[in-house]
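These notes are about the structure you will find just below.
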Amino acid sequence: MPSETPALEPIKSDYRMNFLSDQQLDDLQEATLQVLEETGVQFPSEKALDIFSAHGAQVDHDKQVVKIPRQMVIDAMDLVPRTFLMAARDAAFDIQLEEGVSYFTTDGCGYETIDIKTGERRASTKADVGMMARITDYLSSIAFYWPMVSAQDFGVAAPLHELDTTWNNSVKHIQSETLMGAKPAEFAIEMATVLRGSREEVRHRPPFSVLVCTIAPLMQDKEGIEGALVLAEAGIPVGFLAMPTLGTTAPATFAGAMVVGDAEVISASVLMQLAFPGAPVFHSIMHAWADPRNAAYVGYPLDTRGRYAGVEMAHHWNMPAFGGAFGTDSSEAGSWQSATEVAIDPFLIGLSGCEIVTGMGLRETYTLLYPEAIILDDDIYHRARYALMELEVNPETLAIDVIEKVGPRGHFLAQKHTRNHMRHAMQRSIAQQLDQEGNYLPVIDAAREKFNWIYENHHPEPLDAAIQKELAHILDHAGRELG
């Protein structure tokens, strides 16, 4: 029997922390404009080059490098909508981006999983994508779903199968970061049209969005950018994620890395606006570090001051921001490292005012799925959510009459006021779950127990059989055409 999906509980806060001054933001934006105009960005796509050329940008077709005049950048960025709708399969879970509200999602896209039953490490499958979609459908911390691992059992058609299994296991919005190329994008729009009933309804309430990664330094991905153009034309929200690595694919300074990443994101956003004015796009920079001793990719060194600068840079361009939190470098779930590296992330990014945030649930620097780890990150998320909530101070909560009644050396347990409020006074964390004898369970055991309970008991409303059949037909066609 279908079961009800709990309501979303996004992080809401009137508090704000400014990580950068207005002058610093102006300097960063000016540096981006200078890089775009004088250095340029490579677009290995004739379609993209032709669009830029038609609008007056300086295009070197041999090198595939575009230099964009600053006024063209400014004019195009003025067309970017500040907010947009990320619609869900069930309208009750639609996300309308707004100031002061941060909606979180999972991390993606890993390629290995620790099997929840055997404990063995193996390649990820479509079944894993669907399993985690069902789990996250139940978690109020997860506003929309990034497929956490890839459906490697379906090859190049995997992104389409990830859409399919998510819509069959969740009523929430889905965001893909693996959907690339014009033809796969067309198949995805066809699937969304089956789900919604018409292209007009897809544009009105887009049931999925896409994040396209740029290539550092200063380059776009051909398949990514051409797929983005197809999606933007259909009204699907598209974001651009730059991932500069300090010391290798970006300067070894925070500011320099941010400029490289910003130039990549803004150049792609300008292209979307030149092609389809007003297309919903969003901005994301998630930088990392190169270990100078072994060249390893490091997500959480001791100094991570630049982690939330990208959010403020996006807002300085008057764009929605897509931020990163969680995603520990730890190869284990429940270790000291896996908790401490991400512990303050949701709190700080909530203070930054970031509209959408990724990162929950993966280990080993965003590549490995321990299914139960999502429960641990859900716990950290809610600690931040409560910390940023307004404290209720009113006659009922001040409880002056109750304090007077109990008096010195009294006890509050027998008071009606206590009975009314005690059930909600302490919200149990995953570390305060009890076994049958009333003892606290080890945190990993508690997380696995909750994961298994959700998977066995939570069953979102399934897709109509006719829709399932039509989606299967599209997937079969896509599999044959894409190879």
Whole-angstrom gap from region 331-372 to region 155-220, using each part's C-alpha centre: 24
What helices in the chain pass both tests, a Cα length along the helix axis of 30 Å or more and a mean Kyte hydropathy of -0.5 or higher, using whole DSSP H runs? 254-275
Over what distance in Å are the Cα centres of region 400-458 and region 100-143 separated? 28
Using only the alpha carbon atoms of region 94-133, find the Kirkwood hydrodynamic radius as the inverse mean reciprocal pair distance, in angstroms to one decimal. 12.6
How much net charge surrounds residue 278 when only the other residues with a Cβ under 14 Å from the Cβ of residue 278 are counted, with Lys and Arg +1 and Asp and Glu -1? -1
What value in Å³ per residue do you get for the convex hull of the alpha-carbon atoms in region 75-178? 121
Give the peptides 335-345, 110-120, 391-401 in descending order of average Cβ contacts within 10 Å, highest first. 335-345, 110-120, 391-401
Hydrodynamic radius of region 35-122 per Kirkwood, over alpha carbon pairs, in Å: 17.6
For the residues 289, 453, what sequence is obtained by ranking on other C-beta atoms within 10 Å, fewest first? 453, 289
Considering the convex hull of the alpha carbon atoms of region 395-442, report its projected area averaged over all viewing directions, in nm², one decimal. 4.8
What whole-number value in cubic angstrom gives the convex hull volume per residue for the C-alpha atoms of the chain? 177
Net charge around residue 34, counting only other residues with Cβ within less than 14 Å of its Cβ (Lys, Arg = +1; Asp, Glu = -1)? -4
Expected sort for 421, 55 with the fewest Cβ neighbours (10 Å cutoff) up front is 421, 55
Cα pair distances of region 1-84 binned at 5 Å [whole percent]: 3, 11, 14, 15, 14, 10, 7, 8, 8, 6, 3, 1, 0
Residue by residue through region 11-18, what is 3J(HN,Hα) from phi via Karplus (6.51 cos²θ - 1.76 cosθ + 1.60, θ = phi - 60°)? Round to whole Hz and write x for glycine and proline. 7, 10, 7, 8, 6, 9, 10, 8
Starting with the fewest neighbours, write out 441, 163, 97 ranked by other beta-carbon atoms found within 10 Å of each beta-carbon. 441, 97, 163
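Where a number appears in this text, it was derived from the coordinates with a stated rule and is not lab data. Please read all numbers here as calculations on a predicted model, not as lab measurements. Don't worry about glycine lacking a Cβ; one is built from the backbone with ideal geometry, like all the others, and counts go over all protein chains shown.
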